[in-house]
1. What nm distance separates the two modelled labels at ARG111 and ASN178, each placed 7 Å from Cα along Cα→Cβ?
2. Which value, in Å to one decimal place, does the Kirkwood hydrodynamic radius take for the stretch 89-157 when every pair of different Cα atoms is included?
3. In Å, the Kirkwood hydrodynamic radius of the stretch 291-335 over pairs of distinct alpha carbons?
4. Determine the share of the chain's accessible area contributed by carbon and sulfur atoms, expressed in whole percent, with a 1.4 angstrom probe.
5. Would you kindly calculate the mean projected area, averaged across all directions, of the convex hull enclosing the Cα atoms of the stretch 106-286, in square nanometres?
6. Where does each of 200-210, 316-326 land if you order them by average Cβ count within 10 Å, highest first?
7. Label points 7 Å out from Cα along the Cβ direction at THR271 and TRP104: separation in nm?
8. How long are the semi-axes of the equivalent ellipsoid of the stretch 291-381, defined as square roots of 5 times the Cα gyration tensor eigenvalues? Whole Å, largest first.
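The values are calculated or read from the model by the stated rules, or taken from the named source; none is laboratory data. Every value quoted in this text rests on a predicted model; they were computed, and no experiment measured them. Glycine gets a Cβ as well: all are built from the backbone with ideal geometry, and neighbour counts include every protein chain shown. These accessible areas exclude ligands, DNA and RNA; they are computed on the full protein's heavy atoms, side chains included. Shrake-Rupley method; radii C 1.70, N 1.55, O 1.52, S 1.80 Å.
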Amino acid sequence: VPEINRRRVLTVGAALGLASVVNPSAAWSWSPSASVSGSGSGVDPQWVWDDDIDRIMASVIDNGQVPSVNNAIESWVHNHQPVPSGLPPELAAFLEDATQLPPWADVAKLRRAADFNRRKDTYLFMIYGIGGGIMSTVIPREARSVYWSKGGADMQDRAAKTFTFGYDQSDINAFEPNGEMLVTANKTRMVHAAVRHMLPNSPYWSAVADEEIPISNADILVTFHSTGTFAHKKLKDWRVPMSPADEEAFLHLWQVSLHLLGVRDEYIPATWAAAHAQSEQVLTPILAPTPEGKELAEVLLGLTAQIDLGVTRGFLNEFVRYQLGNDVGDWLGLRRDYVSAGVIRAGWPTYIAFREGLLPIMPRTFYMFDQFVRAIAMAFLNRGESGTTTAITIPDMNRPG
Ligand code: HEM
């Protein structure tokens, strides 16, 4: 590993608050004994995709069945609904199976997670929406595949669809019969399978990609760490009160989500300690800027800045830097605003402390932060301007150029 690369990894790791960082070229060494299944082959998940649904969706695409599948799944929304009719038989059979919770799912924990999500939603919106969302743009494989797939050309629509996942996952009824998560996760799994079949045909993606097939199990784990594991870390850093049962429930929600997205149980961390160890191995070493990621970040921050947040774009830039560190901020060319940086560094911890009842006197900057947080939350809860979730559909093409 060149020295410069190693130094970069160390400084980025430090900025994200990680104690130690492994060598970016190191082989996969995370042990399946730390997973929910407790054992496994130990095969590097970057060579594992989602064979059954990948084959089925490849056939759907090659046979021109994308419109009819999209038509069939349009009114399929709630967990209690049967798998829709009108699907190719092997797809229907796959979905029958894949919409079941894994045997190790704990419904009581999932309910607790839903309640936890509601109690901590303001922080989670800030962490997922600003931290995780922008982090995805410095995950090269994710940035390139998102940019060069169909949805990359309309990031507003794509962001709305990704919100659908977050919204359904955090919903109080997520896994209950009237919730939507079993369906949404499976639609997402189908989209990913479609992308695996189509994106390798994109000359633009192929010219920049360092892999033959996108969205491996390792990539999905990376996304989990840039969202769920990152959220756990930030909530801890920010001293947001959480009981051990809350933390465990929040992890469980992600474990079940990963299973439903097609990640093998042998890779799904059983504990937060195992998750953080895996994150240091798979996420931190790969963070890097790409032209695609820079453009995506600019689009995402531009969309966020369109909402009336009661703060300037400079403040938004600095909030990204506050969460992700200055290396990431510099890679993305986020213009500095040192006054805002100072306000955030001093004011955000006291905002949380006051909100959580740990500080007797309201900080001077409380209302400013509160307006900011509410605006971000409303953007999420309103689910865009239409007030309805944007349906997830199977793409039938790549980004045209
Ligand atoms: C599509 C969620 C991991 C690349 C989607 C969609 C959702 C979603 C909800 C459907 C929205 C849409 O069609 O635009 C997730 C979640 C993940 C994850 C929750 C992991 C926890 C990944 C990873 C990659 C990726 C690791 C790539 C490395 C894509 C692409 C699309 C997509 C390219 C299709 C975009 C399109 O054609 O418009 N994902 N995803 N996703 N995802 Fe993921």
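1. Computed distance between label sites ARG111 and ASN178 equals 1.5 nm.
2. That comes to 15.6 Å for the stretch 89-157.
3. Details: mean 1/r = 0.0938 Å⁻¹.
After inverting the pairwise mean of 1/r, the radius is 10.7 Å.
4. 54
5. Working: hull surface 40.2 nm².
So the Cα hull casts an average projection of 10.0 nm².
6. 316-326, 200-210
7. 1.4
8. Gyration-tensor ellipsoid for the stretch 291-381: 25, 15, 10 Å.
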